[in-house]
Amino acid sequence: MLSFPSIDPVIFHIGPLQVRWYGMMYVLGFAASYFLVRFQIEKFKSQKLAAEFENLNFILIISLVLGGRLGYVLFYNFSYYLHNPMEILATWHGGMSFHGGVVGLILGGFLFCRKKGLNFLETADIYVVTTPVGLGLGRIGNFINGELFGRVSDVPWAMVFPGGGPLSRHPSQLYEAFMEGFLLFIILWHLKTVKYRKSWGHGTMLAAFLFFYGVFRIFIEFFRQPDAHIGYMAGFITRGQLLSSIMVCSGLILFFAVKNRLVIHQPINH
């Protein structure tokens, strides 16, 4: 058993303002996405997207926050917020859903692209390959906060989390940081930027993200402690696994829809 590292969640104070590691991870994730998207825009010469780059980023950030919050309200604690509607606005109390954030990003991005005349699937492919960076950093932030820990375990690397009782548990946040962050980024970035590749068709990267993230999340949920107020559905499946199964199915449907539109597969020289 390993000792849980004693890391102060607050990096430093500026008067009454706290700068926390979790918030810093969001900032770093947004920054990484910003520069990686701009790199692709220049690499693939997406001039129309370049003209709307800053405006789209703003819309996506708003869509992520709204989708993540509303997703948590609807998917994870609807009965509570139904009786306490003002708490929906109290984001500082915590409560964000990744799956809701994905829905928010897709919907916000689609509406923006439609209004500005951008190809939504082409744009989504550019952005989505950068998403795992923020996901991995966010999970590290969860680990520092000692939240979203894993199930009870006696593996040698198990830890006793401050809020998890006296028993050792899987550091499932680190599993997620590796699989949903590092590994998923390597897979998607390779598929998107490899020098000689087939013409996958716009939407393939979005489909790959939905599929691989869903598969990884379903697997990791076997090690992650379910939310106390939800527990298991049907006695064995978690809410996260159910929502991730929908992602997997959506990814497969999108992939085959894109694939069936392909006629010519040619290498692309950059």
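Using R0 = 41 Å, the C-beta based FRET efficiency linking residue 116 and residue 154 works out to 0.15. Consider a paramagnetic label point 7 Å from the Cα of residue 90 along Cα→Cβ; state which residues of segment 153-170 have an amide N under 17 Å from it. So the set is empty, nothing qualifies. Once the C-beta distance of residue 10 and residue 257 is scaled by a Förster radius of 51 Å, the resulting FRET efficiency is 0.65 to the nearest 0.05.
Once backbone amide H atoms are built at 1.01 Å from N, residue 11 has 19, 20, 21 as its partners under 5 Å, excluding neighbours fewer than 5 places away on the same chain.
How far is helix 21-43 tilted, in degrees, relative to the longest principal axis of the Cα atoms in the chain, given as a value from 0 to 90 rounded to the nearest 10? Long axis of 21-43 versus the principal axis of the chain: about 10 degrees.
With each label modelled as a point 7 angstrom along the Cα→C-beta vector, the residue 19-residue 186 pair spans 3.2 nm. The stretch between residue 45 and residue 61, if pulled fully straight at 0.36 nm per residue, gains 3.4 nm over its current Cα-Cα span. Taking 106, 144, 253 as the candidate residues, the one with maximal mean-square fluctuation in a Gaussian network model of the chain, Cα springs under 10 Å, is 253. Scaled against the 2.2 N^0.38 Å expected of a compact globular protein of N residues, the Cα radius of gyration of the chain reads 1.06. Dipole check for segment 8-164: with +1 at the C-beta of Lys and Arg, -1 at the C-beta of Asp and Glu, and the Cα centre as origin, the magnitude is about 420 Debye. When 102, 73, 27 are sorted by how many other C-beta atoms sit within 10 angstrom of their C-beta, beginning with the fewest, the order is 27, 73, 102.
Computing FRET efficiency as 1/(1 + (r/R0)^6) for residue 28 and residue 83, where r is the C-beta to C-beta distance and R0 is 41 Å, gives about 0.65. Helical runs (DSSP H, four residues minimum) scored at -39500 (n - 2.57) apiece and divided by the length of the chain put the mean residue ellipticity at 222 nm at -19000 deg cm²/dmol.
All of the numbers you see were taken from the coordinates with simple rules; none came from a lab. Worth saying up front: this structure is predicted, and the values here are computed from it rather than measured. Counting neighbours? That spans all protein chains shown, and the Cβs are built from the backbone with ideal geometry, glycine included.
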